[in-house]
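These notes concern the structure reproduced below.
The values are calculated or read from the model by the stated rules, or taken from the named source; none is laboratory data. Source: prediction; values computed, not measured. Note that we place each Cβ from the backbone using ideal geometry, even for glycine, and neighbour counts take in every protein chain shown.
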Amino acid sequence: MTTSTIPNIVIIGGGAGGLELATQLGHKLGKKQRANILLIDKNRSHIWKPLLHEVATGSLDSNLDGVVYSAHAAKHGYQFQLGTFCDLNPAEKTLSLAPEYDEHQQQILPSRQVNYDYLVIAVGSVSNDFNTPGVKEHCFFLDSHKQADRFHHALLNAFTQVHQNTQATDLDIAIVGAGATGVELSAELYHVADLLKIYGLNNMTSAKLHIHLIEADPTILPALPPRISQSAKRELEKLGVNVMENTRIAKANSEGFITSEDKLIKADLMLWAAGVKAPDFIAKFDFFELNRANQIIVKPTLQSINHQDIFVIGDCCACELPDGNWVPPRAQSAHQMASCVERNLINVPGNKPLQEYQYTDYGSLVNLSRFSTVGSLMGNLTNRSMFVEGKIARLMYISLYRMHQRAIHGTLKTIGLWCAEKIMRVVRPRMKLH
């Protein structure tokens, strides 16, 4: 970065919180030359993480629906660098980026150092396999759009094999973890299986698809109210999902998952979506206080406990609530954290008091593809939740993504994107087939 008298604000991670923060700081500080805003991410484009299950099934095309960081940065007053965060020196206020290689292992960029005055760590989370043997070798994950694309290609191959190979039998898919990702992916898989006949894959029907949704807790969606989990379970079972609650996985092999009771759950495709943690490299930094999920423990202002110039937001942030609970790793949490840190980064150079983060739970929604949407909305006046399902719940679910788009694009472009989506539904396939 160039030497300047104005502060350098570096944001690591372009997920929901990081991209929203870079956009707003770019408007308020970057365009006015009151600060240099730099966003660093290991990917070139952004997909809203709650939609990765749609990328995995082909319902969403990451090449068409993603946000390209470099182009977005040019319009919104910040800079972008492609890089993988690997080290940090708080004393010298520098961070290190690993070398970048192409698919042929040819070096694109060397290792680099970046200076900062204020740093925001927004590296998100990854799936927690709890060191279960065989999971890394045999399972797919949905932590990034690259992983979602990888699962999508394997899914298309499996669909094609069942359709074209007369000796092929049915397709078994096992998903470990019945949180929002596992539940939504199960329903979306049945949806795309129904679409295949439109595109000539008549032999691969939803009747030949067998999904095993495996959850260690007594109920699916264990973090949500019982009424939501019960409603979602009923809908999944109507579709034909084999919902397996109170089932712990001991290991994975090439044939499928082995339960703690030594029972084999056979699967052609295996996906792990059980729990999240901050990336493992965070644990090597001995100057942060971490919890058991590698999350960085912060003060109410979202500053690192030991370093006032380092803020943390999103899934990698461990922020304790007044009642002793922790802020859950959700998109709405990242959105609210980004707004809080935005205000604090504007205030801190002028020695103005910093605001404390206040988490507001607006409820939870689970989208079961075209079949149903269920969830609860928090009432602002009564502080009680209201169960919703069907079209109202679906509308609220869609509005969450529109709020994210509005935060990174503005109102007019969000309306334009909505119109473009309506048009594209007419002229392009309803699922990605390549």
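Give me the residue from the stretch 303-330 that is closer than 16 Å to residue 13 by Cα and either out of contact with any Ser or Thr (no Cβ under 7 Å at 6 or more places or on another chain) or of a type in the set (Ser, Thr, Tyr) (or both) and, out of that set, surrounded by the most Cβ atoms within 10 Å (Cβ to Cβ).
This residue is 313.
Give the number of residues within the stretch 8-33 that are in contact with a Pro (Cβ under 9 Å, 6 or more places away or on another chain) and either at pLDDT 95 or above or outside the structural domain of residue 121 (by TED's automatic domain parsing) (or both).
Residues in the stretch 8-33 being in contact with a Pro (Cβ under 9 Å, 6 or more places away or on another chain) and either at pLDDT 95 or above or outside the structural domain of residue 121 (by TED's automatic domain parsing) (or both): 1 in total.
Do we find that residue 282 is assigned to a strand (DSSP E or B), β-branched (Val, Ile, Thr), surrounded by 15 or more Cβ atoms within 10 Å (Cβ to Cβ) and in contact (Cβ under 8 Å) with a residue 24 or more places away in the chain in this structure?
No, not satisfied.
Report yes if residue 145 is in contact with a helix residue (DSSP H, G or I) (Cβ under 9 Å, 6 or more places away or on another chain), more than 21 Å from residue 329 (Cβ to Cβ) and not assigned by TED's automatic domain parsing to the domain that holds residue 303, otherwise no.
Details: in contact with a helix residue (DSSP H, G or I) (Cβ under 9 Å, 6 or more places away or on another chain): yes; more than 21 Å from residue 329 (Cβ to Cβ): no; not assigned by TED's automatic domain parsing to the domain that holds residue 303: yes.
When the stated conditions are applied, residue 145 does not pass them.
Only one of (1) surrounded by fewer than 22 Cβ atoms within 10 Å (Cβ to Cβ); (2) assigned by TED's automatic domain parsing to the domain that holds residue 88; (3) among the polar types (S, T, N, Q); (4) more than 18 Å from residue 221 (Cα to Cα) is not met by residue 295, so which one is it?
So the condition that residue 295 fails would be (1).
Please work out which residue is nearest to residue 159 (Cα to Cα), limiting yourself to the stretch 201-220 and to residues that are under 23 Å from the mean Cα position of the chain (by Cα) and in a loop (DSSP other than H, G, I, E, B).
Looking at the filtered set, the residue picked out is 215.
Which one is surrounded by the fewest Cβ atoms within 10 Å (Cβ to Cβ), of the residues in the stretch 77-96 that are within 23 Å of the chain's Cα centre (by Cα) and over 13 Å from residue 119 (Cβ atoms)?
Residue satisfying both the conditions and the ranking: 86.
Looking at residue 223 and the list (1) touching a His at 6+ places or on another chain (Cβ under 9 Å); (2) in a loop (DSSP other than H, G, I, E, B); (3) under 30 Å from residue 122 (Cα atoms), which single condition is not satisfied?
It is condition (1) that residue 223 fails.
I'd like the full set of residues that are of a type in the set (S, T, N, Q) and surrounded by 15 or more Cβ atoms within 10 Å (Cβ to Cβ), limited to the stretch 135-160.
Within the stretch 135-160, the subset of a type in the set (S, T, N, Q) is 144, 147, 157, 160.
Across the stretch 135-160, the qualifying residues are 144, 147, 160.
Name the pairs: first residue in the stretch 289-313 and within 19 Å of residue 349 (Cβ to Cβ) and among the charged types (D, E, K, R), second residue assigned to a strand (DSSP E or B) and at pLDDT 95 or above, Cβ to Cβ under 6 Å, at least 6 apart or on different chains?
Within 6 Å, the pairs are 309/118.
Just the residues that are crowded, with 20+ Cβ neighbours inside 10 Å and polar (S, T, N, Q), please, taken from the stretch 242-273.
The answer is 247, and nothing else.
Consider the stretch 185-205. How many of its residues are polar (S, T, N, Q) and crowded, with 17+ Cβ neighbours inside 10 Å?
Going through the stretch 185-205 one residue at a time, the tally reaches 1.
Name the residue, out of 205, 219, that is touching a Pro at 6+ places or on another chain (Cβ under 8 Å) and polar (S, T, N, Q).
On the way: 205 fails: touching a Pro at 6+ places or on another chain (Cβ under 8 Å).
After applying the criteria, what remains is 219.
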